[in-house]
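Taking it in order: structure first as structure tokens, then the write-up.
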Amino acid sequence: IIPTTEEVLALYSAVTGFNPNAGPSGSNPTDNGAAMTDVLSYLQTTGMTIGGKVYKILGWAQIDHTNLDHRKLGCQLFGGTYVGVNLPQSADSQFIEGQQCNWDVVPSDFIVGGHCIFRPGYGSEGDDYVTWANWFVKASAEWSSTYVDEEYAVITEQWFNQATQETPG
């Protein structure tokens, strides 16, 4: 289930009061971001409309983002994790829409703000992330340990097999 940009903006507006017509990107006075836990709580109580249907999450739990085993288990048991990062300028400038980009720590980089990304997997050299609708973002292990500052497992009804009520694992 993949929401459209408009559906994501509707969720963001509902949680934060964002008005996409209040100004251009980067200078919109209503774009103040959201606490990830506020978004998760909203998704659990109210849900998100995708394709005309409301989807709610069943629950969520914080993962110790400093514990690599916990981060791996989050991906293995729940199909990915919801990750908050202090986004460095280099990640923003290295991003190329629809193409693979590789994030590495750049010395003396500065933080442009908080950012939420999805982490569907990991490997020996680092993590896979999805951001700005790009499924081809790779980040070194050093990048993740430097910039990730919160992480959550999210449980959805869709994660369960409807016939057996079991998860893929």
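The values are calculated or read from the model by the stated rules, or taken from the named source; none is laboratory data. Bear in mind the structure is a predicted one, so any value in this text is a computation, not a measurement. Methodologically, a virtual Cβ is constructed for each residue, glycine included, from the backbone with ideal geometry; neighbour enumeration extends over all protein chains shown. Only protein heavy atoms, including side chains, enter the accessible area calculation; ligands, DNA and RNA are left aside. Shrake-Rupley method; radii C 1.70, N 1.55, O 1.52, S 1.80 Å.
If only one of THR167, THR146 is β-branched (Val, Ile, Thr), over 12 Å from TRP103 (Cα atoms) and outside any strand (DSSP E or B), which one is it?
On the way: THR146 fails: over 12 Å from TRP103 (Cα atoms).
After applying the criteria, what remains is THR167.
Taking into account only those residues within the range 145-163 that are out of contact with any Leu (no Cβ under 9 Å at 6 or more places or on another chain) and open to solvent by less than 80 Å² (accessible area, probe 1.4 Å), which is farthest from GLY80 (Cα to Cα)? Talk me through it step by step, then tell me what you get.
Initially, the range 145-163 is screened for residues out of contact with any Leu (no Cβ under 9 Å at 6 or more places or on another chain), giving 146, 148-151, 158, 161-163.
Right, trim to open to solvent by less than 80 Å² (accessible area, probe 1.4 Å) and you get 146, 148-151, 161.
On the way: THR146: 19, VAL148: 15, ASP149: 16, GLU150: 14, GLU151: 10, ASN161: 17 Å.
Within the range 145-163, the match that is farthest from GLY80 (Cα to Cα) is THR146.
Just checking, how many residues over the range 112-147 are touching a residue at least 60 places away in the same chain (Cβ under 8 Å), closer than 21 Å to TYR12 by Cβ and touching a strand residue (DSSP E or B) at 6+ places or on another chain (Cβ under 8 Å)?
3
Looking only at helices (runs of 4 or more DSSP H) that fall completely inside the range 1-119, which ones have 3 or more residues that are closer than 30 Å to ALA141 by Cβ, open to solvent by 70 Å² or more (accessible area, probe 1.4 Å) and not polar (S, T, N, Q)? First the steps, then the outcome.
On the way: elements: 5-16, 36-45, 68-78, 89-94.
Passing ranges, in order: 68-78.
Test GLN100 against the criterion of being out of contact with any helix residue (DSSP H, G or I) (no Cβ under 7 Å at 6 or more places or on another chain), polar (S, T, N, Q), at pLDDT below 90 and within 30 Å of PRO168 (Cα to Cα), and give yes or no. Can you show your working first?
Numbers: out of contact with any helix residue (DSSP H, G or I) (no Cβ under 7 Å at 6 or more places or on another chain): yes; polar (S, T, N, Q): yes; at pLDDT below 90: yes; within 30 Å of PRO168 (Cα to Cα): yes.
So GLN100 passes the test.
Could you check, for the range 156-166, whether at least one of its residues is among the hydrophobic types (A, V, I, L, M, F, W, C) and at pLDDT 90 or above? Working first, answer last.
In the first step, residues of the range 156-166 are kept if they are among the hydrophobic types (A, V, I, L, M, F, W, C); the result is 159-160, 163.
Then drop every residue that is not at pLDDT 90 or above, which leaves none.
No: zero hits.
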